[in-house]
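Colleague: Have a look at this one.
The values are calculated or read from the model by the stated rules, or taken from the named source; none is laboratory data. No experiment lies behind these values; they were computed from the predicted model shown. FYI the Cβ positions are ideal-geometry reconstructions off the backbone, even for glycines, and counts take in every protein chain you see.
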Amino acid sequence: MAEKEILYYGARELAQKAKKFSFGPLEFSFREGEILYLSYQGVELIRRIYFAVRGPNWETAPNSITSVNVTQDAQEKSLQIDFSARSTEGNIDLEWRGRVLAEGRGTLSFSVLGTAKRDFLKNRIGICVLLPLTLAGKRVRCQKHKQFGGYLEEGKLPEEISPHQPFMDFSSFFVEVSPDTWLEMTFEGDVFEMEDQRNWGDASFKIYSTPLRYPFPVLMKQGDTLFQEVRIALRIPERLTRDVEGLRHAEHACRISLSPIPVARIPSIGLGMNDLSETVNDELWETIEILQPSHLRIELDTMENRYAVSTEKIEKAVKVWKRTKIPLWVLLNVSLPSELPELFDRVPEEGVSRILLALNEPPWCASFELVAKTRQEMEKRGRSCPLGGGTRGWFAEFHRNPPPFEALDFVFFAFCPQVHATDNETLIENLPTLEVLANQARRISNLPVAISPITFRMRFNPNAYRREERIPELPPDPRQWGLFGALWTAGALKYAASSESLTFYELLGPHGIIIPEDIRKNLTQKTGLEFRFLPLAHVLKEFAPKEGAIVLATKNTNPLVADALAIQDQDGLLVYIWNYSPQSQKVLIEGAPGEPRTGSILSAETLPRIVLSLRETLDARSDFSWRNGVLELFVPSLSFVRLWWKGSFLAEKHLQV
């Protein structure tokens, strides 16, 4: 299993195991001091409850669990989990004890008692509760904290992304999860508020303590203590306890329904070039020739940091363009409009198809003055290409301080699934947010949307306390090198399909699709396979040539386990299914136009030849069966399957979409 774990995740011990508990109709999982997926009859009510220590740059100190003790009382129908932990990173050092108490009548509490082991700066410390996006639009009753009057506020969880906190200064928060059925949460130990985490790419509403408007960072002194608790109950009227509308038992099988209705088109897919520091070699030419990205993106920055693109790198980018004719996108990142002329002197005269504008100081988004100055410089130099405005930061920066839409040709922002958490589940959960972000950006701007770049790791931290820490020196994420990285890339393509353009990762380097020699040798030593190309490169090869192909609607009962993308192109119907879990999954496909002509697979078994060359194809046979109008297949752990049908699947009225 150790070798397979490296093929799956690029390293060992990256698949954290959770233990499931049930008490009455409620169930949840417990892992490393946090509660996951609190559900009623299989329907998710709360995504996560956890304790977070946030440092002065909003970094989250990892929680190291030192002991766990589980006590169950069958007679009292109760469950108690006591655990000890320590959160350390840099100067941060907090020791704490946690307790989870669940009772058969459908109540649960999560409490924490902590002590600072040394002096350190913190932005926030406390319990966080994540609510799933399925609750968007639901009624809310919010009891204000006694410091703020203790009155009752009513409203709804936002359906559109809220740029600022939708609910503030409360001690209790109730959500009507279905008619007359309320999820009640009562908090102790601090003042709590809520933020819409979709602003940062997360698929949740987060309740947390210490209002953001309070000054930070704050000194936590050695010996300082804190206590917090959240008590949770699901209040169901007695007349409804047998069958709560909207909370009937959820289906756990992976059932995917196909539809002939088009919902988007495959966007153009490009790659980053900012870490193109190695010698331009035959491997790079082969990659570009096979992937045929729509663009290559470079960054020019007036700040002296690792993102500054040297003259040598610009020369390499131009060399690539001259040989491949792949258009260049150039990001101009400045502090003041007056810096533009000097920066424009470094912009290549050939090959540039788009210019992107951003600020490298708050508020991070391109201003009207910056756009106007850029137009002047372009006119002065006889340049003509689409001009985009946006941010290297997240949708939050774009949303709160938008660029001047009327003066632009397109807009852009970055996406990373690990702004708040780094576990596998979070990375998968956050993928559907890409669709929400792209759609809202297009609605508010009425312009084409580019999500640029999409990366595994955070490349830029607009919320860092110190300027020098805005570019975090984070190590590469090994999951990008394994099958998980390939499947996550497929998920990102699916949910970002309503965008016009996407920029993924980088060509070369530890964060790229061509990894350095030291990483290759390490992977080869641990797996026995010669890693020349990552599995995710084959996923990009599959979709990059399909720009403009029609994306069809799909429905999925369990997208956190297995997901699917259906597209129609000139060759026929293609359905891609991938399994995120480390166990084989039975997948049922409804609405398919008969038995597919072929089925191919990318899996741990096919990796030995796939990682050798990008010219290898996904031609290993995938087994399936056709029964009573339903296609049934078993998708191996962390595998990617392609099914193909000849002909058009589109309904006749949609042929001109």
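Colleague: Of the residues that sit in the range 331-358 and are within 33 Å of the chain's Cα centre (by Cα) and of a type in the set (Gly, Ala, Ser), which one is modelled with the lowest pLDDT?
Modeller: Checking each candidate, the answer is 335.
Colleague: In the range 585-611, which residues are part of a strand (DSSP E or B) and either surrounded by fewer than 20 Cβ atoms within 10 Å (Cβ to Cβ) or touching a helix residue (DSSP H, G or I) at 6+ places or on another chain (Cβ under 9 Å) (or both)? It would help to see each step written out before you state the result.
Modeller: Our first condition is that a residue be part of a strand (DSSP E or B); within the range 585-611, this holds for 585-590, 598-602.
Passing the criteria: 586, 588, 590, 598, 600, 602.
Colleague: Tell me, which residue of the range 98-126 that is small (Gly, Ala, Ser) and part of a loop (DSSP other than H, G, I, E, B) is modelled with the highest pLDDT?
Modeller: Result: 106.
Colleague: Separate question: Please go through the range 177-198 and pick out each residue that is assigned to a loop (DSSP other than H, G, I, E, B) and aliphatic (A, V, I, L, M).
Modeller: The answer is 191, and nothing else.
Colleague: Given the condition in contact (Cβ under 8 Å) with a residue 24 or more places away in the chain, farther than 30 Å from residue 35 by Cα and crowded, with 20+ Cβ neighbours inside 10 Å, answer yes or no: does some residue in the range 474-492 qualify?
Modeller: no
Colleague: Determine whether residue 105 is touching a residue at least 60 places away in the same chain (Cβ under 8 Å), surrounded by fewer than 16 Cβ atoms within 10 Å (Cβ to Cβ) and either assigned by TED's automatic domain parsing to the domain that holds residue 29 or under 25 Å from the mean Cα position of the chain (by Cα) (or both).
Modeller: In short, yes.
Colleague: A further question on this structure: Restricted to the range 386-416, and to residues that are within 17 Å of the chain's Cα centre (by Cα) and among the charged types (D, E, K, R), which residue is farthest from residue 493 (Cα to Cα)?
Modeller: Result: 397.
Colleague: If you don't mind, another one. What is the residue count in the range 635-657 for residues that are closer than 20 Å to residue 574 by Cβ and at pLDDT 90 or above?
Modeller: 10
Colleague: Restricting the search to the range 199-225, which residues are surrounded by fewer than 21 Cβ atoms within 10 Å (Cβ to Cβ), assigned to a strand (DSSP E or B) and of a type in the set (A, V, I, L, M, F, W, C)?
Modeller: Selection gives 218, 219.
Colleague: Find the residue count for the range 118-137, including only residues that are among the basic types (Lys, Arg) and surrounded by fewer than 17 Cβ atoms within 10 Å (Cβ to Cβ).
Modeller: Selection size over the range 118-137: 1.
Colleague: Additional query: For residue 420, only one of the following conditions fails: (1) at pLDDT 95 or above; (2) in contact with a helix residue (DSSP H, G or I) (Cβ under 8 Å, 6 or more places away or on another chain); (3) farther than 30 Å from residue 287 by Cα. What is its number?
Modeller: (1) is the only condition that residue 420 fails.
Colleague: Would you mind telling me which numbered condition in (1) charged (D, E, K, R); (2) in contact with a strand residue (DSSP E or B) (Cβ under 7 Å, 6 or more places away or on another chain); (3) more than 20 Å from residue 616 (Cα to Cα) residue 546 fails?
Modeller: (3)
Colleague: Name every residue in the range 332-382 that is touching a helix residue (DSSP H, G or I) at 6+ places or on another chain (Cβ under 8 Å) and in a loop (DSSP other than H, G, I, E, B), in order of residue number.
Modeller: Listed by number, the residues that qualify are 346, 348, 350, 351, 363, 364, 367, 381.
Colleague: A further question follows. What number of residues in the range 612-633 are farther than 22 Å from residue 537 by Cβ and surrounded by 13 or more Cβ atoms within 10 Å (Cβ to Cβ)?
Modeller: The number of residues fulfilling the criteria is 6.
Colleague: Here is a check on your reading of the model: is residue 225 over 21 Å from residue 48 (Cα atoms), among the β-branched types (Val, Ile, Thr) and out of contact with any Lys or Arg (no Cβ under 6 Å at 6 or more places or on another chain)? Step through it out loud before you land on a result.
Modeller: Working: over 21 Å from residue 48 (Cα atoms): yes; among the β-branched types (Val, Ile, Thr): yes; out of contact with any Lys or Arg (no Cβ under 6 Å at 6 or more places or on another chain): yes.
So residue 225 fits the description; yes.
Colleague: Taking the range 313-336 as the search range and keeping residues that are charged (D, E, K, R) and without any contact (Cβ under 8 Å) to a residue 40 or more places away in the chain, which one is nearest to residue 285 (Cα to Cα)?
Modeller: Here is the first cut: in the range 313-336, the residues charged (D, E, K, R) are 313, 315-316, 319, 322-323, 325.
Next cut, without any contact (Cβ under 8 Å) to a residue 40 or more places away in the chain only: 315, 319, 322-323, 325.
Details: 315: 16, 319: 11, 322: 12, 323: 9, 325: 12 Å.
Filtering first and then ranking leaves 323.
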